[in-house]
Structure formats: C-alpha cells, structure tokens
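Notes to accompany the following structure.
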Amino acid sequence: MKKEVEIEISARHVHLSEEDYKLLFGSEKFSNLKELSQKNQFVTDKNVTLYGPKGSVSARFLSPFRQISQVELSLTDCIELGIEAPYKISADNQATGIKIVGSTDEIVRNAAIIAKRHLHLNPDDAKELGIQDRDLISVVSKTYRGKIIFEDVVARISDDYQLRVHLDTDEGNAAGIEGKIIGELISKKD
Ligand SMILES: [Zn+2]
C-alpha cells in the first residue's frame, strides 16, 4: 500500500469543555477564524495564555467543545514553560497540570500533552488502505530538507475524519514542512 496524503502541522492549541470556556471567557461569544480540515473543527478568535513554572505561551482555542479540556503542546513549548508533558494521543489522568488564563478567569487543569503524530481517516479510507484504528503506519515527507520517514503514526478512524497526517511544529520544522505538503503513506506490509 502506497498512497499520497496531505501532511499538516498541528500548531499549539487548546480544546476546552463548555464549562471551562465559560470560566475563562464568561458570556463572550467566539467566532470562526479559519476552518480546519477535519469536519466541524475551526480555529476561533479566542486565545488563552498557558503558564508553567518557567514561562508562558499563548494558544488558540479550537471549536467545538470537548468533554474535557486538552492542551496540545510541542516539546519546545514544554521546555519554554518548564513542564514535562506525556506524549499521548489524548489527555487522560496522566496529562500534566497547567494554568490556563482567559479573559475573565484562570483555571488549572491536568490537560497538557504532546500530541502523538497521527493519521485521520474515515472508514472508507481505512477499508481501502487495510488500516485498523490505532494501527501504526509510516509517512514519508520529502522537502528541501530531504526525505524523512515518520514511523509510528497512530491511525484514528472516524466518520467525521478527512485523510490527513498531523505532525506537531517540532516535527514539521525538523522535516522542513511549511504549511502543508503531500507525503506518502506506507504500511508495514510493503
Ligand atoms: Zn489531528
């Protein structure tokens, strides 16, 4: 199996529960700044500031609301903040505590992770490619910085997903990916 796939960089961002949003922004409404490739997801005009023991960074709030708040950072962000965050696909009880400051209040949540690189795909893509949810696949990136193969990319299947690989900014910078590029999926069977 070899297939072209768009590789996008998933920059630092936060997902918020509706309850946490209300704490951070009160009754302020948010608006859609930019559609994302995944259905119903968009970048909002709301920023939060994240604080760790060594520093702070700002991050965009991505809609829609989630069941629990999740802060997705790069390793570089963690170094700047002075925190250690686990490398995971989603926040759970192992996520790292972080202070999140909005325009009306601040909260502390065990929400910080470094998001594992992943492949979004819908059930039709998965069938065509012979991929199961949570399979680890490989993606080839070719840019002016040369060819890099990212292994252990976690496949995530959902009806709402569009075929995309998501890397974080550290991975994207290392590979020389600015914005997005077309890469190639390789399965273990090749
Ligand atoms: Zn993603």
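The values are calculated or read from the model by the stated rules, or taken from the named source; none is laboratory data. All values reported here derive from a predicted model rather than from experimental measurement. For neighbour counting, all protein chains shown are included, and Cβ atoms are generated from backbone atoms with ideal geometry for every residue, glycine included.
(1) hydrophobic (A, V, I, L, M, F, W, C); (2) touching a Lys or Arg at 6+ places or on another chain (Cβ under 7 Å); (3) within 15 Å of the ligand (Cβ to nearest atom); (4) in a loop (DSSP other than H, G, I, E, B): which one isn't true of Ala11, the others all being true?
Only one criterion is unmet by Ala11, namely (2).
Go through segment 17-57 and count every residue that is part of a loop (DSSP other than H, G, I, E, B) and either in contact (Cβ under 8 Å) with a residue 12 or more places away in the chain or within 27 Å of His120 (Cβ to Cβ) (or both).
The total comes to 15.
Out of (1) closer than 25 Å to Gln162 by Cα; (2) modelled with pLDDT of 95 or more, what's the single condition that is false for Tyr51?
(1)
Residue by residue, here is whether (1) under 15 Å from Glu4 (Cα atoms); (2) touching a helix residue (DSSP H, G or I) at 6+ places or on another chain (Cβ under 7 Å) holds:
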site: Ser90; (1), (2): no, no
site: Ile98; (1), (2): no, no
site: Ile114; (1), (2): no, yes
site: Ala126; (1), (2): yes, no
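Can you work out which of the residues in segment 104-142 that are polar (S, T, N, Q) and surrounded by fewer than 20 Cβ atoms within 10 Å (Cβ to Cβ) is farthest from the ligand (Cβ to nearest atom)?
This residue is Thr104.
Every residue, every condition in (1) under 19 Å from Lys116 (Cα atoms); (2) surrounded by 13 or more Cβ atoms within 10 Å (Cβ to Cβ); (3) small (Gly, Ala, Ser), yes or no:
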| position | (1), (2), (3) |
| --- | --- |
| Ser10 | yes, yes, yes |
| Glu28 | no, yes, no |
| Thr44 | no, yes, no |
| Leu50 | no, yes, no |
| Arg66 | yes, yes, no |
| Val71 | yes, yes, no |
| Leu75 | yes, yes, no |
| Ser90 | yes, yes, yes |
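Test Leu62 against the criterion of being within 16 Å of the ligand (Cβ to nearest atom), closer than 24 Å to Ile181 by Cα and at pLDDT below 95, and give yes or no.
Answer is no for this residue.
Confirm whether Ala85 is in contact (Cβ under 8 Å) with a residue 24 or more places away in the chain, not hydroxyl-bearing (Ser, Thr, Tyr) and not in a strand (DSSP E or B). Quick ask: steps written out before the conclusion?
Details: in contact (Cβ under 8 Å) with a residue 24 or more places away in the chain: yes; not hydroxyl-bearing (Ser, Thr, Tyr): yes; not in a strand (DSSP E or B): yes.
It is true that Ala85 is in contact (Cβ under 8 Å) with a residue 24 or more places away in the chain, not hydroxyl-bearing (Ser, Thr, Tyr) and not in a strand (DSSP E or B).
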